[in-house]
Every structure is written in C-alpha cells, then in structure tokens.
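The values are calculated or read from the model by the stated rules, or taken from the named source; none is laboratory data. Fair warning: this is a prediction, and the values are worked out from it, not measured in the lab. Neighbour counts run over all protein chains shown; Cβ positions are idealised from the backbone, glycine included. Heads up: the accessible areas ignore ligands, DNA and RNA and are worked out on the full protein's heavy atoms, side chains in. Shrake-Rupley method; radii C 1.70, N 1.55, O 1.52, S 1.80 Å.
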Amino acid sequence: MNTHVHADHVTGTGLIKTKVPGVKSVISKASGAKADHFVDHGDKIHFGNLFLEVRATPGHTSGCVTYVTGDADGQPSPRMAFTGDALIIRACGRTDFQGGSSEQLYQSVHSQIFTLPKDTLLYPAHDYKGFTVSTVEEEAAYNARLTKDKETFKTIMNNLNLSYPKMMDVAVPANLVCGIQDPPPKI
C-alpha cells in the first residue's frame, strides 16, 4: 500500500510482488500511477476483521493519501494513521514538485489528520531524525511547520530552498509503475 509516488526512493512494492505471489499493489487513483487496486477518499480496505479508511491528503504530491485504522468495534484503539509524507514527525513533506501545494497540504493535514482523536498514533513514511511515531496531540502542539497559521506555513514552505532529490529521476518513473508493476514471466 503506497501513500504516494515517492521521489526519494523506489518503492518496495515491485520487489515484494516478485517474491510473494498474489500480492496486489495499492495507490490512490489521483496519483496517476499504475497499480492493481486504486483507492479514493473514503474507501475502506478490509483485511481480516480490520479495515483502513482512506483519507485524501494531497499537498506533498497531488496523489497523497493517509491510511487510518477503522473507527468501529473490534478495531485498534487508539487509532493509527499512516501519513506518508503529508505529515512527518515535527515537519511535513516538501511541496515544490509533483503537483505539490503548500496551501493544499495545510488544508489536508488540518482537516484529515488533526481532526482525528488526539491519542491517534501517527506513523510517517519515513523520518530523518530517528522518530518513528507521534500522536495527533503532539503534532498539533509541536509540529514546527503545521502549528503556524496558513500564510506563515506557506511562507515557510516556499522558502525551504531544498535541493533537487537525488533519486527523483529514477524513483518517480519507477514509482509510477509501483516499482515493478508487472514482473517478467518466469521461464
């Protein structure tokens, strides 16, 4: 299950598909990527007795989604949200390529992630400082970018002056086909 088309690394989806027969790739329809199953905002992905709710959280890229554990009997408590790069612990993903929009990201996080229960555990796609989990309450209080008002946030994001991702020219084309979408047939 991919939260978006990454620009900094090639997804492991294709490799997993070559190693585990029957595995299906999942990504948002808005991503423009190839996959076995496409999801939209509000969809539910069931596995066993559990499910994940799909929440559209565009802004880092135009096709970002966050997967949130269900809000029903028998579902994990506290809830968990897998935020991709829409929300990184104490920060967020950049918005200067792949259809990104700082205004859209701010709206997405505030309407789709910060509205979850305060004790919801947040798991980003990756982190650069060694953090692996946070909560809605912590990020709403301490996120260095997303605690600001929308105009200040947009100014911060527009002035990050980040370098071009080293893997972008390899990662984006590969991730648009979920790594290796159609493995070659075994001979």
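Numbers for the structure displayed
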{"quantity": "Unique residue being without any contact (Cβ under 8 Å) to a residue 40 or more places away in the chain, under 16 Å from HIS4 (Cα atoms) and surrounded by 23 or more Cβ atoms within 10 Å (Cβ to Cβ) when the list is GLY93, GLY84, GLY59", "calculated": "GLY93"}
{"quantity": "Any hit, the range 39-60, residues being in a loop (DSSP other than H, G, I, E, B) and among the hydrophobic types (A, V, I, L, M, F, W, C)", "calculated": "no"}
{"quantity": "Residues of the range 64-81 satisfying the condition of being surrounded by fewer than 22 Cβ atoms within 10 Å (Cβ to Cβ) and part of a loop (DSSP other than H, G, I, E, B)", "calculated": "GLY70, ASP71, ALA72, ASP73, GLY74, GLN75, PRO76, SER77, PRO78, ARG79"}
{"quantity": "Selection count where residues are open to solvent by 20 Å² or more (accessible area, probe 1.4 Å), more than 19 Å from THR69 (Cβ to Cβ) and modelled with pLDDT of 95 or more, scope the range 97-114", "calculated": "6"}
{"quantity": "Residue in the range 5-14 that is assigned to a helix (DSSP H, G or I) and either closer than 23 Å to VAL172 by Cα or of a type outside the set (Ser, Thr, Tyr) (or both) present", "calculated": "yes"}
{"quantity": "Which numbered condition LYS17 fails, given (1) at pLDDT below 95; (2) under 28 Å from ARG145 (Cβ atoms); (3) open to solvent by less than 50 Å² (accessible area, probe 1.4 Å); (4) over 14 Å from the mean Cα position of the chain (by Cα)", "calculated": "(2)"}
{"quantity": "Members of the range 17-38 that are in a loop (DSSP other than H, G, I, E, B) and either touching a residue at least 12 places away in the same chain (Cβ under 8 Å) or of a type in the set (Val, Ile, Thr) (or both)", "calculated": "VAL20, VAL23, LYS24, SER25, GLY32, ALA33, LYS34, ALA35, ASP36"}
{"quantity": "Filter pass, ALA30 being within 23 Å of HIS126 (Cβ to Cβ), within 14 Å of the chain's Cα centre (by Cα) and surrounded by fewer than 20 Cβ atoms within 10 Å (Cβ to Cβ)", "calculated": "yes"}
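Quick grid of which residues meet (1) in a helix (DSSP H, G or I); (2) on the phi < 0 side of the Ramachandran plot; (3) touching a Pro at 6+ places or on another chain (Cβ under 6 Å); (4) open to solvent by less than 80 Å² (accessible area, probe 1.4 Å):
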| site | (1), (2), (3), (4) |
| --- | --- |
| LEU116 | no, yes, no, yes |
| TYR123 | no, yes, no, yes |
| GLU137 | yes, yes, no, no |
| PHE153 | yes, yes, no, yes |
| PRO173 | yes, yes, no, yes |
